[in-house]
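The values are calculated or read from the model by the stated rules, or taken from the named source; none is laboratory data. All figures in this text were calculated on a predicted structure; none of them were measured in a lab. Virtual Cβ from ideal backbone geometry, glycine too; neighbours counted across all protein chains shown. For the accessible areas, the whole protein counts, side chains as well, though only heavy atoms, and no ligand, DNA or RNA atoms are used. Shrake-Rupley method; radii C 1.70, N 1.55, O 1.52, S 1.80 Å.
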Protein chains: 4
Amino acid sequence: MRSTATGQPRTKPAEIRREELMDAAQALFLGKGFTETSVDEIVKGAGVAKGTYYVYFKTKDDVLAALRERFVARFLERLQTAADGHPPSDWIARFDRWIDAAVNTYLDERALHDLVFHQMRPTHDRLHQANPVVRDLEGLIAQGAQAGAWTADNAHLVAVMVFSAVHGAIDDAGESPGPSDRKRLVHAVQSFCRMGIGLPPAG
Amino acid sequence: MRSTATGQPRTKPAEIRREELMDAAQALFLGKGFTETSVDEIVKGAGVAKGTYYVYFKTKDDVLAALRERFVARFLERLQTAADGHPPSDWIARFDRWIDAAVNTYLDERALHDLVFHQMRPTHDRLHQANPVVRDLEGLIAQGAQAGAWTADNAHLVAVMVFSAVHGAIDDAGESPGPSDRKRLVHAVQSFCRMGIGLPPAG
Amino acid sequence: MRSTATGQPRTKPAEIRREELMDAAQALFLGKGFTETSVDEIVKGAGVAKGTYYVYFKTKDDVLAALRERFVARFLERLQTAADGHPPSDWIARFDRWIDAAVNTYLDERALHDLVFHQMRPTHDRLHQANPVVRDLEGLIAQGAQAGAWTADNAHLVAVMVFSAVHGAIDDAGESPGPSDRKRLVHAVQSFCRMGIGLPPAG
Amino acid sequence: MRSTATGQPRTKPAEIRREELMDAAQALFLGKGFTETSVDEIVKGAGVAKGTYYVYFKTKDDVLAALRERFVARFLERLQTAADGHPPSDWIARFDRWIDAAVNTYLDERALHDLVFHQMRPTHDRLHQANPVVRDLEGLIAQGAQAGAWTADNAHLVAVMVFSAVHGAIDDAGESPGPSDRKRLVHAVQSFCRMGIGLPPAG
DNA sequence: TATGAATGAGTGTTCATTCAT
DNA sequence: AATGAATGAACACTCATTCAT
């Protein structure tokens, strides 16, 4: 009942299109916030028509969710990579390394992280529990404790607190701290958290 | 021919009106989120006309800012009260008490806290630094360290991490934890943070 | 959070504004159909801003409902007026008169009638029963039957059928029949319906 | 390297495909209305791709037209069947039978009838004239009148009114009237219409 | 001070239709 | 014949903000 149609449809693999849309959305959200970005701008950014967005996402919120998943997946990959190269039994080194990687990754992606985790309302509570990153850390802490490397009565809560301390320290850091600031930061967090689980402060 | 005595005095002390508006806004924001609440609903909640809102606040964001200030002020009062009753020199007791009060206050006002601190976008960074609550804690930590009660190379960062650990633990807690859950929570946080500054875990 | 505002608000009595909106909507609906008319066009037609529409009507469908009510009310007035001037006891004259008025009124307002009664879906069934016009006719038929002026075992069904015959005949008539066409139409309907209730055909 | 035998033959006789599309459309239209049904849903219902729809129909309205034609054709068949078995010269029996068949068929297919006749806007006028069902009835009435079985000055108008009376009575009936309700209905309509053309009421 | 009718730019979402494969 | 990714105009509805009274 409506009229329409002109531009030539340029078919691309669905995965590519979706990623392009996500990339465009991420850039805009990061630049001006989620609410302040319109779907119109997203599609303009991705170089597709309005309707195409809705071929790949059900609602506006939908990209944000997709962005979150992608962020977590990439984050975990990075932690994984960082953890490799240490003998699994060197618990303390792994713990230090985890914190180091977390701090630096978050610093690199702080804005993205905030976007993806603070934006949506009914998200705040139970967030950490469901958060795979926390789960990863919790596993490490529980295993290390079991191996006698440190003490942690409640591995989950400790993981949450370590995770939060990392966050807090990062949020507190300036916009783009230099390498030495980062070192200091990592060191402070490591010391605090090491001590928090009964280890001596970081060397 | 005066009007009948029905209409109540339409003018109220400005401070009262303002508070009523804030109360209405807070209730609504808490219930359905900031974005999801309209100015219309706020004025309806406060029992005034649309225009009246704009007599007391310049924009919609304005109430949120006012709400934040009020929250911080009240929070500090509560911490203050909690701190009183301990000799200023019993540092460890004051530290424990601070955490206890923080955990419980935040648990009581969690939703409000989230609303007031997570809601607005260009707020995330520098937040803690500007946060009077953190400043308060930082003072305590710095003084205790100076008095030799514990160790803290970087009082500010430590304060931020303690504060964050408190937050994280709370966010992780279920909707309305019972008294014993709270006790456990307080104890875990206290232990972790005590150890984080070189003290033995909480008794 | 949005910007806005320029045009000077020109306050009018609510009833006037509402009527103006309804008039604009009716003209548009009549001209191009309900679905084909946008709220934008309605407000343009009424000379007000988009939002003003929603001050007076909850949805787009809402005007249509209002239009329907107004149509029925006006229609009944007209039938009433037609019925006056005949002694209440001259049943046959009143019956003839009712049909005459109905045919002519519907012919005058055919498009409006169709708009208002055919447009909305969950309307078709039970429509006649709830229709005040049918109720009016039903009353007349029942009373006439009781007075022995004619026969009608089931006044309600007869009213429905007379009403429908009127409708059918009108729908069948060309776009704008001349006076003599109308006379013929009225006469044919009167004859058929008179006979339908056991009276001799119209003179 | 032929593809595995999974995919069923993708091409079907055009007539079948078309019917499947129409069936799907009819079911959907009946269930949720024409406007409320999307082409997407139709093709999903028919198990074909979007583009296939446009191989068989030029626009969305097109199916509705096709549905109307199919409805009328089937309806006429049924009337035809009903008429058979009576000697062509028993006019009154044929008239009664026509009404009986019409009432019952419409009751069986009321929703479909409404869909197909009320839905499209520029349809209301001239509808009955163009309607083959009315033409069929008109032929019967004209022939009966010519044969002296009854009186009808204007066979066309009478046919329209009888047809409308049938409709009205049906629309007025509840959702799914039982057999005895149907009988009563048929009887009332027959009586009214018989009398309308100068016959005694139905026995 | 308080009102509330009026504003109008802006938004998310839908969907009939096309066309390269 | 059949597909389904892509289109983009259109639309209903929202809501922060203004201002004459």
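Summary of values
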quantity	calculated
Some residue of the stretch D:78-89 being away from chain C (no Cβ under 14 Å), farther than 19 Å from D:Val189 by Cβ and within 18 Å of the chain's Cα centre (by Cα)	yes
Residue satisfying condition, being more than 16 Å from DNA strand F (Cβ to nearest atom) and aliphatic (A, V, I, L, M), within set C:Leu21, C:Leu76, C:Leu28, C:Leu67	C:Leu76
Any hit, the stretch A:139-161, residues being within 17 Å of the chain's Cα centre (by Cα), in contact (Cβ under 8 Å) with a residue 40 or more places away in the chain and open to solvent by 10 Å² or more (accessible area, probe 1.4 Å)	no
Residues (assigned to a helix (DSSP H, G or I) and within 16 Å of DNA strand E (Cβ to nearest atom)) located in the stretch D:55-92	D:Val55, D:Tyr56, D:Lys60, D:Asp61, D:Asp62, D:Val63, D:Leu64, D:Ala65, D:Ala66, D:Leu67
Selection from the stretch A:56-80 of residues that are in contact with a helix residue (DSSP H, G or I) (Cβ under 8 Å, 6 or more places away or on another chain) and open to solvent by 30 Å² or more (accessible area, probe 1.4 Å)	A:Tyr56, A:Lys60, A:Arg68, A:Leu76, A:Arg78
B:His113, sole failed condition from (1) of a type outside the set (Lys, Arg); (2) within 14 Å of chain A (Cβ to nearest Cβ); (3) not in a helix (DSSP H, G or I)	(3)
Given (1) polar (S, T, N, Q); (2) assigned to a loop (DSSP other than H, G, I, E, B); (3) facing another protein chain (nearest Cβ under 8 Å), number of the condition A:Ser191 does not satisfy	(2)
D:Ala102 being open to solvent by 20 Å² or more (accessible area, probe 1.4 Å) and within 29 Å of D:Gln190 (Cα to Cα)	no
Any chance C:Val116 is assigned by TED's automatic domain parsing to the domain that holds C:Gly144 and surrounded by 14 or more Cβ atoms within 10 Å (Cβ to Cβ)	yes
Looking only at the stretch B:28-53, and only at residues there that are loosely packed, with under 13 Cβ neighbours inside 10 Å and within 12 Å of DNA strand E (Cβ to nearest atom), the one that is farthest from the other protein chains (Cβ to nearest Cβ)	B:Gly47
The listed residue being part of a loop (DSSP other than H, G, I, E, B), modelled with pLDDT of 90 or more and either in contact with a helix residue (DSSP H, G or I) (Cβ under 6 Å, 6 or more places away or on another chain) or within 14 Å of chain C (Cβ to nearest Cβ) (or both), out of D:Ala159, D:Ala152, D:Ala165	D:Ala152
Residue check, C:Phe95 part of a helix (DSSP H, G or I), closer than 30 Å to C:Gln190 by Cβ and open to solvent by less than 60 Å² (accessible area, probe 1.4 Å)	yes
Any hit, the stretch C:6-18, residues being more than 10 Å from DNA strand E (Cβ to nearest atom), crowded, with 16+ Cβ neighbours inside 10 Å and modelled with pLDDT of 95 or more	no
